[in-house]
């Protein structure tokens with residue numbers, strides 16, 4: 001009976017060691033959000049800090065999306081929305097934060113180079129334009145990514161273009177920066193389908209804001225912007241969160 005009890009505790013002990021995604025209300029983020037103003041601050045030496053991603057003015061309010069950093073490395077898909085006061089102090093109003101990353105990662109130093117990661121990602125398909133002109137070159141970013149079990153990995157996020165029947169396809173590949181293993185890969189959606197994708201969402205939060213020329217809507221812990229009339233450049237002057245994998249990607 002004693003052995004049964006000990007074995008039954010093992011899964012719970014394992015889960016406790018993984019990183020966790022919690023709501024911003026479950027941890028005190030006040031210092032992490034405002035530490036950038038301190039004279040001694042460097043993100044690379046700070047376990048939890050944030051960097052600005054986007055900003056939008058809604059009436060008298062200024063809302064800023066801030067991406068979570070773990071010792072200076074961005075945490076993929078994890079951010080909070082804050083309200084900026086007149087004095088520059090920020091306060092969370094929505095979002096999630098990853099805690100316990102150090103349980104899965106003992107270092108943010110990659111074991112493979114950027115070029116090696118790009119070669120691994122583009123080597124999956126021989127028709128990637130790895131030797132194409134500069135505008136199509138693959139781009140790599142070192143990040144921290146959580147898998148479906150919320151285990152944190154140090155990864156390179158690779159943006160690359162693939163030729164398919166004379167058409168360009170945009171692919172995202174996640175490469176483990178320690179082992180070189182491919183963790184995930186998907187084709188990014190085209191911007192032309194953004195509005196249709198967003199309209200398929202069934203529920204919107206009460207945070208629906210409107211500004212001249214566009215409707216800016218808030219859903220879950222992400223902002224998206226739906227342009228009223230599509231122009232030549234759908235990115236210009238509009239605040240988009242992401243086009244990777246879905247209308248708004250984690």
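The values are calculated or read from the model by the stated rules, or taken from the named source; none is laboratory data. Model, not experiment: these values are computed from the prediction. Methodologically, a virtual Cβ is constructed for each residue, glycine included, from the backbone with ideal geometry; neighbour enumeration extends over all protein chains shown.
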Looking at (1) assigned to a strand (DSSP E or B); (2) more than 20 Å from the chain's Cα centre (by Cα); (3) closer than 20 Å to residue 156 by Cα, can you tell me which one residue 57 breaks? (3)
So which residues in the stretch 1-30 are at pLDDT below 85, surrounded by 10 or more Cβ atoms within 10 Å (Cβ to Cβ) and in a loop (DSSP other than H, G, I, E, B), if there are any at all? 17, 18
Which one is farthest from residue 141 (Cα to Cα) among residues in the stretch 31-54 that are within 16 Å of the chain's Cα centre (by Cα) and surrounded by fewer than 17 Cβ atoms within 10 Å (Cβ to Cβ)? 54
